Structure formats: C-alpha cells, structure tokens
Amino acid sequence: MNAPKPTVHLMQGLPASGKTTIARRLVATGGGRLRRVSLDDLRHMLDSTGRETPWEPERETSTVRAQAQMVRLLAGDGYDVVVDNTHLYPKQVLPVVHALRGLPVEWRVHHRISVPLEVCLARDADRQKPVGRDVILRLHERWLEALADGWSLTTGWLRETHLNQTAGVAR
Ligand SMILES: Nc1ncnc2c1ncn2[C@@H]1O[C@H](COP(=O)(O)OP(=O)(O)O)[C@@H](O)[C@H]1O
Ligand SMILES: [Mg+2]
C-alpha cells in the first residue's frame, strides 16, 4: 500500500497575528510527524550576528530558496510540514509550491487574517523583537492589493498551481 501523501500546511497572516503560536501547536499535536519551517528562524540561523539579523534583498532571495528546498526534502522524507510565514500574496507562496513540483502532497491553509491590523500592530510593538510598524503596514498594503486582484490563499488555488506545474514533468 502507498504511504499517505505528506500534508503541507501554510500559515497566513500579518506579523503578530498568531501564526507561530498555531504552528507550534500543530507540531505539538502532530505526533512527531509534523515539522515546522520559518523564514524568520532560518534567516536568524543564517545571518544573525548575535546582535541583529540584517535583512537584505539578495540574501533574502537565497533564504527563500533554501527554505523551499527544505520543505521539499522534509516532504520527500514523508513528513508533514508547516510553513510558518506570512503568505499574504502569491510571490510569498510560489517558491514552496514550485519546489514541490512532481511530489504528491496535500495542502492545508491556516488563516490568521481575521486578526485586525491594529491588534497585530499592538502585539508586535509589545514583543521582544518587533517586526516594526512600517513593515506590517507595507505587508498589509500588498495583501490588500492581492485581494483586489482576486487572489486568495485556498487549498484549491494551491492544488491547481501545484498540479499545473507538475503536468509533463517526470522525476
Ligand atoms: N490568540 C491570541 N490572543 C492573544 N495573543 C496572542 C494570540 N496568539 C498569539 N498571541 C501573542 O501575540 C504575539 C505574536 O504571536 P505569534 O504567534 O508570534 O505571531 P506571528 O507568528 O504571526 O508573528 C505573541 O506575543 C503571542 O503570545
Ligand atoms: Mg511568527
């Protein structure tokens, strides 16, 4: 009998909307089968000087690619994976979908998008390492633009995007 397809869980929400809290809960209840990846943590691992973690576009592109490959490896090893990033517009989601080309997976989305912007700003300002108001407002703006374009992060969109790129690819 075939092993069950791994499930790739995607969080979606503004910074401080509670994504990591939920993602860790998924890990806690996943019976050792579910593992979490996070760009924030990976960036910290790769670039932290101990005092700060610089953000710079070129390195970010490379960090995003490294994370996408990590998701592929983990899913290929049969683990479920929760990708704990904001995922507020397609460009933030596509690298992982592309990296999973040809690998059968199930998709699940965990939205934190009902948490109001003001609540996210307040919770962020309260935490040890705030992302900052400007970043959150910019992400919020890009998210609204994606919604206005008719996009939303659904399992249907993920399945279709994943399958379309899988077509004709032999691995
Ligand atoms: N449901 C909730 N109600 C109140 N505070 C919450 C809730 N979920 C998370 N928090 C708090 O909000 C802050 C951000 O949560 P976190 O899960 O790190 O968000 P994110 O990963 O989206 O940035 C943390 O201080 C956390 O303890
Ligand atoms: Mg987080």
**Prompt:** When you scan the range 138-168, how many residues do you find that are surrounded by 13 or more Cβ atoms within 10 Å (Cβ to Cβ), among the small types (Gly, Ala, Ser) and assigned to a helix (DSSP H, G or I)?
**Reply:** 1
**Message:** One residue is enough: does the range 111-125 have a residue meeting the conditions within 30 Å of LEU163 (Cα to Cα), of a type in the set (A, V, I, L, M) and assigned to a strand (DSSP E or B)?
**Reply:** no
**Asked** Considering only residues of the range 1-59 that are among the hydroxyl-bearing types (Ser, Thr, Tyr) and within 22 Å of LEU74 (Cβ to Cβ), which is surrounded by the fewest Cβ atoms within 10 Å (Cβ to Cβ)?
**Response** THR29
**Item:** From the options VAL131, VAL135, VAL105, VAL115, residue that is within 21 Å of VAL81 (Cβ to Cβ), surrounded by 12 or more Cβ atoms within 10 Å (Cβ to Cβ) and in contact (Cβ under 8 Å) with a residue 24 or more places away in the chain
**Value:** VAL105
**Message:** Just to be sure before I move on: is HIS111 under 23 Å from TRP151 (Cβ atoms) and more than 12 Å from the chain's Cα centre (by Cα) in the structure I sent?
**Reply:** no
**Asked** Can you tell which of PRO95, PRO90, PRO15 is within 16 Å of ligand 2 (Cβ to nearest atom), of a type outside the set (A, V, I, L, M, F, W, C) and in contact with a helix residue (DSSP H, G or I) (Cβ under 8 Å, 6 or more places away or on another chain)?
**Response** PRO15
**Request:** Output the residue which, of all residues in the range 61-87 that are of a type in the set (Asp, Glu) and either within 16 Å of ligand 2 (Cβ to nearest atom) or in contact (Cβ under 8 Å) with a residue 24 or more places away in the chain (or both), is farthest from GLN12 (Cα to Cα).
**Result:** ASP80
**Message:** Of all residues being within 13 Å of ligand 1 (Cβ to nearest atom) and among the aliphatic types (A, V, I, L, M) in the range 118-142, which is farthest from LEU153 (Cα to Cα)? Just the residue, please.
**Reply:** ALA125
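One line per residue, one yes/no per condition, for (1) out of contact with any strand residue (DSSP E or B) (no Cβ under 7 Å at 6 or more places or on another chain); (2) closer than 27 Å to ASP126 by Cβ; (3) away from ligand 1 (no atom under 16 Å from the Cβ):
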{"site": "VAL8", "(1), (2), (3)": "no, no, yes"}
{"site": "PRO15", "(1), (2), (3)": "yes, yes, no"}
{"site": "ARG25", "(1), (2), (3)": "yes, yes, no"}
{"site": "GLY30", "(1), (2), (3)": "no, no, yes"}
{"site": "ARG51", "(1), (2), (3)": "yes, yes, yes"}
{"site": "PRO57", "(1), (2), (3)": "yes, no, yes"}
{"site": "GLN69", "(1), (2), (3)": "yes, no, yes"}
{"site": "LYS91", "(1), (2), (3)": "yes, no, yes"}
**Candidate set from the range 98-110 (those that are assigned to a strand (DSSP E or B) and either under 22 Å from PRO15 (Cα atoms) or not charged (D, E, K, R) (or both)); member that is nearest to ligand 2 (Cβ to nearest atom)** = HIS110
**Message:** Looking only at the range 22-40, filter to residues that are part of a helix (DSSP H, G or I) and closer than 18 Å to ASP80 by Cβ; which one of those is nearest to the chain's Cα centre (by Cα)?
**Reply:** ALA23
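Computed from the coordinates by the stated procedures, all read-outs in this text should not be read as laboratory data. All of these numbers come straight from a predicted model, not from anything done at the bench. Note: ideal-geometry Cβ built from the backbone for every residue, glycine included; neighbour counts use all protein chains shown.
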